[in-house]
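The values are calculated or read from the model by the stated rules, or taken from the named source; none is laboratory data. Remember, predicted model here, so these are calculated numbers, not experimental data. Cβ placement follows ideal geometry from the backbone for every residue including glycine, while neighbour counts extend to all protein chains displayed.
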Amino acid sequence: MDRLRDARHAAIVEAVARLLLSFGWQVEPEYTFSYFGERGSVDALAWHAERRVLLIGEIKTRIWDLQDTLSALGRKRRVVPMLLQRERGWMTASLGSILFMPDMSTHRHLIERHEATFGGALPDRQVCVRRWLASPAGDVRGIYFLPDSHQIDGRKGLRGR
């Protein structure tokens, strides 16, 4: 089961990286950080140098714990820009935090059931997020659904295994 989850996660990381590269972003998958006890990794870190925009991309194949998912994204949003300014000199003009997930009815139903929670934490949705990725200006906090991983990596039946 762990290999299946990892394969799905890796396929989505690859799909997100390709999407971001197609829009001119510099992409660094699995950026890790540790800052005074706050640590973690950013699944898809991206920098748009021309516009000085930073993207913190969280990739989930499933949301097991809603509170953990949102608090981890909040922690990354708070800590990572400061660290990258120190490490790389990236002076962020705008910041995006996007939850990327496979487009599955399970995920869409979860978002619908917790619309008030997701609406407060990640109010932007598909069309708005895609426009922002193509031409980033201002901040965005949103959710973006990708084709399910069996469509992304070309293997049939991955969902049912």
**Asked** Of all residues in the range 142-161 being outside any helix (DSSP H, G or I) and under 17 Å from ARG108 (Cα atoms), which is modelled with the lowest pLDDT?
**Response** ARG159
**Prompt:** Of (1) touching a residue at least 24 places away in the same chain (Cβ under 8 Å); (2) loosely packed, with under 14 Cβ neighbours inside 10 Å; (3) within 30 Å of ALA116 (Cα to Cα), ALA72 satisfies all except one. Which?
**Reply:** (2)
**Item:** Scope the range 125-134; condition more than 13 Å from the chain's Cα centre (by Cα) and either assigned to a strand (DSSP E or B) or touching a residue at least 12 places away in the same chain (Cβ under 8 Å) (or both); matching residues
**Value:** CYS128, TRP132, ALA134
**Request:** Among what's in the range 82-105 and is assigned to a helix (DSSP H, G or I) and more than 24 Å from ARG18 (Cβ to Cβ), pick the residue that is modelled with the lowest pLDDT.
**Result:** SER105
**Item:** From ARG52, ARG62, ARG77, residue being modelled with pLDDT under 95 and either surrounded by 13 or more Cβ atoms within 10 Å (Cβ to Cβ) or not polar (S, T, N, Q) (or both)
**Value:** ARG62
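Have a look at LEU84, LEU122, LEU66, LEU110 and point out the one that is among the hydrophobic types (A, V, I, L, M, F, W, C) and within 22 Å of SER34 (Cα to Cα).
LEU84
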**Asked** Mind checking which residues of the range 14-68 are among the β-branched types (Val, Ile, Thr), free of Cβ contacts under 8 Å to residues at least 60 places away in the same chain and either within 16 Å of ARG141 (Cα to Cα) or part of a strand (DSSP E or B) (or both)?
**Response** VAL27, THR32, VAL42, ILE56, ILE59
**Complete:** Residue pairs qualifying under the 6 Å Cβ cut-off, at least six apart or on distinct chains, with the first in the range 91-115 being closer than 26 Å to LEU45 by Cβ and the second being of a type in the set (S, T, N, Q), are PRO102/SER149
**Asked** surrounded by 21 or more Cβ atoms within 10 Å (Cβ to Cβ), modelled with pLDDT under 95 and either among the hydrophobic types (A, V, I, L, M, F, W, C) or touching a Ser or Thr at 6+ places or on another chain (Cβ under 9 Å) (or both): does that describe ARG39?
**Response** no
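What tally of residues in the range 72-102 results from selecting those that are more than 14 Å from the chain's Cα centre (by Cα) and at negative phi?
Number of matching residues: 15.
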